[in-house]
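Sending over a structure as structure tokens; questions will come in a sec.
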Amino acid sequence: MKHLLKLLDLTEGEIIDILNLADQLKYEKKHNIAHRHLEGKSLGMIFQKSSTRTRVSFETGMYQLGGQALFLSNRDLQIGRGEPVEDTAKVLSRYLDGIMIRTFEQKEVEDLAKYGSIPIINGLTDFAHPCQVLADLMTIREYKGEFDNLKLTFIGDGNNMANSLIVGCLKVGMRVAIACPKTHMPSAEVLEFAKAYKDKLFVTDDVKEACKDADVLYTDVWASMGQEGEAEERKKAFAGFQINKEALSVAKKEAMVLHCLPAHRGEEITADVMDEHPEIFDEAENRLHAQKAVLVKLMAN
Ligand code: CP
Ligand code: NVA
């Protein structure tokens, strides 16, 4: 594995290796065992969109691994003024040991990898959010002990989260149900990928049907970053696509609730469900451990 551009590129074995290392790094952190695998290394972090979790977890993660992280806002980089990705990739490869990028188009991330000569990590695009799903899988395994045949139900927009959850969960042996309006389906590329998994993916616009016997309920915002202008029309399109008591009532009794955050209480999830499912914050913590594992896999000597 040379980059983390999207989970479609990873084998099941590579995903499990990352999760195992993430568990180990989490254990070591808890027991104050130093793990300075990236001493002297620098990670550039290019942000063309806002972030709380991704920025802080990558930055502290690099520090804990003995390296450093540079926050590179789009506003300050020449890339924001039109310098080609190709040139940016070639130049940054001369200074840095890896780049994490959060942007709009998946192609920009793929191009950085194509033209640069250092590992590239996708910190979210409109198409995918692989780092988040690695943390999600880590959290599911922590709570459930295994993946085999567990059912994850995603409710809401067929967006970057839905895309990455479908790929990640199917690859590790889980089943996935997506409840989304017919107008907001996951990407065609991901649905094509899922065909090989036959009935392990179920897509419907019936929330209750999708939630039946689920082991994990997952949701995400109705309007993603970059879609703020569509917020009002999206509120109409997604009305009812919510994790609430009713959705939980048909899931398994011990079902987990996950959310990549930030959450909009009263829209995609009710406040009471948020309050009763603190595993959402274990999930947020696991961003740190899962990404440290990715950094070590990609950047350690
Ligand atoms: N879940 C997630 O990626 O959060 P941020 O947007 O805060 O980084
Ligand atoms: N779908 C959301 C995820 C945020 C972590 C977005 O792209 O804004």
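Once label points are set 7 Å from the Cα along Cα→Cβ at both residue 261 and residue 233, what is their separation, rounded to one decimal in nm?
3.2 nm
Okay, next question. For every helix of n ≥ 4 consecutive DSSP H residues, a contribution of -39,500 (n - 2.57) applies; sum these over the chain, divide by its total residues, and give [θ] at 222 nm rounded to the nearest 500 deg cm²/dmol.
-13000 deg cm²/dmol
With all protein chains present, how much of the accessible area of the chain (probe radius 1.4 Å) comes from carbon and sulfur, to the nearest whole percent?
Carbon and sulfur together cover 49 percent of it.
Over the Cα atoms of region 152-237, how large are the radius of gyration and the largest Cα-Cα distance (Dmax), in Å?
12.6, 37
What is the Å³ per residue value for the convex hull set by the Cα atoms of region 123-281?
101 Å³
Then there's this: Check residue 203: other-chain or 5+ apart residues with amide H under 5 Å from its amide H, H built from backbone geometry?
Residues meeting the criterion, in which the H sits 1.01 Å from N, are 178.
In terms of the Cα gyration tensor, with a ≥ b ≥ c the square roots of its eigenvalues, is region 229-294 rounded because a/c is under 1.5, prolate because a/b exceeds b/c, or oblate?
Oblate.
Can I ask one more? For region 242-258, just list the computed ³J(HN,Hα) in residue order, Karplus coefficients 6.51, -1.76 and 1.60, θ = phi - 60°, integers in Hz, with x standing in for Gly and Pro.
9, 8, 9, 4, 5, 4, 5, 5, 9, 6, 4, 4, 9, 4, 8, 10, 10
Quick one: what do you get for region 1-62 if you divide its Cα Rg by 2.2 N^0.38 Å?
Cα-based Rg divided by the globular estimate yields 1.30.
Then there is this: Using modelled backbone amide H atoms (1.01 Å from N, in-plane), which distant-in-sequence or interchain residues come within less than 5 Å of residue 258's amide H?
Amide H neighbours of residue 258: 217, 218, 219.
Note down the relative contact order for region 131-199 as a percent, whole number, built from C-alpha pairs under 8 angstrom at least six residues apart. Show your work: numbers first, answer last.
Details: 78 pairs, mean separation 23.4, N = 69.
Relative contact order comes out at 34 percent.
Now for a different question. Per residue of region 142-151, in order, report the coupling 6.51 cos²θ - 1.76 cosθ + 1.60 (Karplus, θ = phi - 60°) as ³J(HN,Hα) in whole Hz, putting x for Gly and Pro.
Coupling constants for region 142-151: 4, 7, 9, x, 7, 10, 3, 6, 4, 10 Hz.
Convex hull over the Cα atoms of region 91-163, averaged projected area in nm²?
The number I arrive at for region 91-163 is 6.3 nm².
With +1 on each Lys and Arg Cβ and -1 on each Asp and Glu Cβ, and nothing else charged, work out how big the dipole of the chain is about its Cα centre, in Debye to the nearest 20.
About 540 debye.
Which entries in the list 2/30; 29/151; 200/236; 49/235; 26/253 go over 24 Å, if you measure between the two C-alpha atoms of each?
Check vs 24 Å cut-off fails for 2/30; 29/151; 200/236; 26/253.
So how compact is region 59-212: Cα radius of gyration and Dmax in angstrom?
18.1, 52
Which whole-number value in Å² is the accessible area per residue of the chain, probe 1.4 Å?
Ligands and nucleic acids excluded, the figure is 44 Å² per residue.
Viscosity 1.306 mPa s, temperature 10 °C: Stokes-Einstein D of the chain from its Kirkwood Cα radius, in µm² per second? Each step should come with its number before you reach the end.
Details: Rh = 19.5 Å.
Translational diffusion coefficient: 81 µm²/s.
Ok, one more. Given an 8 Å cut-off on Cα distances and at least 6 residues of separation, report the relative contact order of the chain as a percent.
21 percent
About its Cα centre, what dipole magnitude does region 4-86 give when the only charges are +1 on Lys and Arg Cβ and -1 on Asp and Glu Cβ, stated in debye to the nearest 20?
That gives region 4-86 a dipole magnitude of about 440 debye.
Still on this structure, I have one more. Treating only the Cβ of Lys, Arg, Asp and Glu as charged (+1, +1, -1, -1), what charge dipole size does region 90-208 show about its Cα centre? Round to the nearest 20 debye. Working shown, then result.
Values: 15 positive and 16 negative charges, 42 e Å.
Charge dipole, region 90-208, about its Cα centre: 200 debye, nearest 20.
The values are calculated or read from the model by the stated rules, or taken from the named source; none is laboratory data. In this text, all values refer to a predicted model and were calculated from it rather than measured experimentally. Note: ideal-geometry Cβ built from the backbone for every residue, glycine included; neighbour counts use all protein chains shown. Accessible surface is based on the protein model in full, side chains and every heavy atom, while ligands, DNA and RNA are left aside. Shrake-Rupley method; radii C 1.70, N 1.55, O 1.52, S 1.80 Å.
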